[in-house]
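Please read the structure below before turning to the comments.
The values are calculated or read from the model by the stated rules, or taken from the named source; none is laboratory data. Only a predicted model underlies this, so the values are computations on that prediction, with no experimental measurement involved. All Cβ positions, even for glycine, are placed from backbone atoms using ideal geometry, and neighbour counts span all protein chains on display.
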Amino acid sequence: MDQIYVKDLKKAYRILRKEKNQYEPGDEKRVELGRKMKELKAKIEKETGGKVEDPKIQDLIAKIEELNKKSGQAPMVNLAKFSFEDLEFHYLKRTEQVKNKEEYRKLKGIKEPESATPQAQPQKITEDAAHSPMEVVARSIRRKSTY
């Protein structure tokens, strides 16, 4: 896989997307640009090895999405970009099995990283700072939609 080639493909895709959005839906030029974009997208996925899907991560994402549907919460951003640990922490927090990262680490038997010594982190973690990354993203999306 050539990184420069992939970067060029992605750059061309972005240029086509900007140009496509200048035309009205249904316009011949827009349809043609859409076809070119699909071809480029296929080349990009082929060069980057496609999507690597871990079944454990997919199951966890399905559980989180089911929780969102039950609570009436809007769908979140692409959850596949987060690690298994982040997703698991978020799910356990949503189901109220843990309240913060410290409880999650104790539950999983994970030792605290060596860089997190008391001298390096003199501040105590508060409830506000203990939220998972997905909750932060969801809050920012909700704030932007209220403008």
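Quick rundown of the values:
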quantity: Candidate set from the range 59-78 (those that are under 14 Å from the mean Cα position of the chain (by Cα) and over 20 Å from residue 98 (Cα atoms)); member that is surrounded by the fewest Cβ atoms within 10 Å (Cβ to Cβ); calculated: 78
quantity: Index of the failed condition, residue 30 passing every other in (1) in a helix (DSSP H, G or I); (2) at pLDDT below 90; (3) surrounded by 14 or more Cβ atoms within 10 Å (Cβ to Cβ); (4) not acidic (Asp, Glu); calculated: (2)
quantity: Sole residue being assigned to a helix (DSSP H, G or I) and either modelled with pLDDT of 75 or more or under 27 Å from residue 10 (Cβ atoms) (or both), chosen from 135, 88; calculated: 88
quantity: Cross-chain or 6+ apart pairs with Cβ under 8 Å, the range 97-114 first and modelled with pLDDT of 80 or more and among the hydroxyl-bearing types (Ser, Thr, Tyr), then surrounded by 12 or more Cβ atoms within 10 Å (Cβ to Cβ) and part of a loop (DSSP other than H, G, I, E, B); calculated: 104/98
quantity: Set 22, 73: member being outside any helix (DSSP H, G or I) and either hydroxyl-bearing (Ser, Thr, Tyr) or more than 23 Å from residue 141 (Cα to Cα) (or both); calculated: 22
quantity: Test set (1) outside any helix (DSSP H, G or I); (2) modelled with pLDDT of 70 or more - residue 122 fails condition number; calculated: (2)
quantity: For residue 34: the one exception among (1) without any contact (Cβ under 8 Å) to a residue 12 or more places away in the chain; (2) over 21 Å from the mean Cα position of the chain (by Cα); calculated: (1)
